[in-house]
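Inspection log for the structure reproduced underneath, given as structure tokens.
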Amino acid sequence: MLRRVLMAVSASDRMEKIVTTAPIARDVVARFVAGATQDDALGVTRQLLDRGLLVTLDYLGEHTTDPDQAAAVADEYISLLGRLSGGGHARLGAAEVSVKPTAVGLGLGEHGEKTATENITRICVAAREAGTTVTLDMEEHDLVEPVLRMLHELREDFPDLGCVIQSYLRRSEADCAALAAAGSRVRLCKGAYGAPEQVAFTSRREIDLSYVRCLKTLLAGPGYPMLATHDPRLIEIAGAQAILAGRPVDSFEYQMLYGIRPAEQRRLAATGARVRVYVPYGSDWYGYLVRRLAERPANLGFFLRSLASKR
Ligand SMILES: Cc1cc2nc3c(=O)[nH]c(=O)nc-3n(C[C@H](O)[C@H](O)[C@H](O)COP(=O)(O)OP(=O)(O)OC[C@H]3O[C@@H](n4cnc5c(N)ncnc54)[C@H](O)[C@@H]3O)c2cc1C
């Protein structure tokens, strides 16, 4: 219920204006977002790399409404990737980027898919030159088909382009089976958007069981699974399944969000596992923040307390 209210709030322009212009939001944003600029993002990236973690960088923004803005988002990624290859840190190239298809044009009407494909192609070329990879985030459920279509087309030229499967969708087990191919980089997460019962599981238990089925499918195949969750039970199950599947520790990775369970990120990395942190940066943080609040009522408490303490 609370989650549904927050997801509705995330779509309200008026609420966005109130929250983003309030100075009180800053503390909460700083917990989940690296900062507004590339320098902020690269600073956090260096710190995480120094702690033995891997990074995927996300330039915040989604549902771009004009082609010039979509191209500008792609330009930002290209400039960022240029700095990853020449950033003066031996391992900066170990950072990759995550891209939201609607930020680069998917959703711009009948030409949206073409625009997004062109922009993602430019980002993939820059990533290849920087010696790193791109992962396409997954957004609302009605975008799964166009995103997977783009993925298949783009993988002909960029086989290391990664994608995301959300275990809350009923279709996802079949998608995992289809995607568990050699070299295929697939991030598995629970899913952070609202979706109707016809297409999505709605109980935590069903979503978790689906996650386990999907992770077994991915780990049993020859691809490269990226298991994105902070859920302690699922992390434990993933580790056990990887051993059962005879997987070397460098043949899959765990992923978590910046600011969430950082001690667990370091603990897992210390066991020799590959752990990648998803680091968002930029000023368009509203939609991202609301999804993080919706995931966990305790975060909402943190947000409200910071509101009260600044008054
Ligand atoms: C690297 C990464 C990339 C992602 N990419 C996508 C994507 O492309 N598309 C998409 O729909 N979703 C994406 N997500 C979000 C994901 O779908 C979930 O909404 C989110 O990860 C919360 O689910 P969980 O698996 O951590 O489990 P939950 O059951 O939500 O949480 C398990 C435990 O983790 C901790 N925790 C979880 N969330 C929070 C939080 N916000 N604040 C503090 N503690 C928390 C708590 O201890 C909680 O008990 C991504 C997540 C990660 C980690």
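A few points about this structure:
- Residue identified as in a loop (DSSP other than H, G, I, E, B) and not small (Gly, Ala, Ser) among Thr132, Thr102, Thr121, Thr115: Thr132
- Meets criteria (at positive phi and surrounded by fewer than 19 Cβ atoms within 10 Å (Cβ to Cβ)) for Gly183: yes
- Boolean, Met150 is closer than 28 Å to Gly194 by Cα, of a type outside the set (Gly, Ala, Ser) and either away from the ligand (no atom under 16 Å from the Cβ) or part of a loop (DSSP other than H, G, I, E, B) (or both): no
- Total residues in region 130-147, condition more than 30 Å from Arg83 (Cβ to Cβ) and either more than 15 Å from the ligand (Cβ to nearest atom) or free of Cβ contacts under 8 Å to residues at least 24 places away in the same chain (or both): 2
- Matching residues, region 233-248, being closer than 28 Å to Phe32 by Cβ and out of contact with any Leu (no Cβ under 6 Å at 6 or more places or on another chain): Arg233, Leu234, Ile235, Glu236, Ile237, Gly239
- Residue in region 225-233 that is among the small types (Gly, Ala, Ser), in contact with a helix residue (DSSP H, G or I) (Cβ under 8 Å, 6 or more places away or on another chain) and in contact (Cβ under 8 Å) with a residue 24 or more places away in the chain present: no
- Test for Ser167: is it among the polar types (S, T, N, Q), under 30 Å from Thr132 (Cβ atoms), at pLDDT 95 or above and within 11 Å of the ligand (Cβ to nearest atom): yes
- Among the residues listed as Ala116, Ala95, Ala127, Ala103, the single one being more than 16 Å from the ligand (Cβ to nearest atom), touching a residue at least 40 places away in the same chain (Cβ under 8 Å), crowded, with 23+ Cβ neighbours inside 10 Å and under 25 Å from Leu188 (Cβ atoms): Ala127
Residues checked against (1) within 15 Å of the ligand (Cβ to nearest atom); (2) closer than 25 Å to Val279 by Cα; (3) free of Cβ contacts under 8 Å to residues at least 40 places away in the same chain:
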site: Tyr193; (1), (2), (3): yes, yes, no
site: Val199; (1), (2), (3): yes, no, no
site: Arg205; (1), (2), (3): yes, no, yes
site: Lys216; (1), (2), (3): no, no, yes
site: Ala220; (1), (2), (3): no, no, no
site: Asp250; (1), (2), (3): no, yes, yes
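- Criterion (more than 11 Å from the ligand (Cβ to nearest atom) and in a helix (DSSP H, G or I)) met by exactly one of Ala273, Ala269: Ala269
- Once region 178-207 is narrowed to residues that are of a type in the set (Val, Ile, Thr) and either within 18 Å of the chain's Cα centre (by Cα) or outside any loop (DSSP other than H, G, I, E, B) (or both), the residue that is nearest to Phe252 (Cα to Cα) is Val186.
- Matching residues in region 217-238 - criterion: being assigned to a helix (DSSP H, G or I), buried (at least 18 other Cβ atoms within 10 Å of the Cβ) and of a type outside the set (A, V, I, L, M, F, W, C): Thr217
The values are calculated or read from the model by the stated rules, or taken from the named source; none is laboratory data. What you are looking at is a predicted structure, and each value in this text was computed from that prediction instead of being measured. Heads up, the Cβs are rebuilt from the backbone with ideal geometry, glycines too, and the neighbour counts pull from every protein chain shown.
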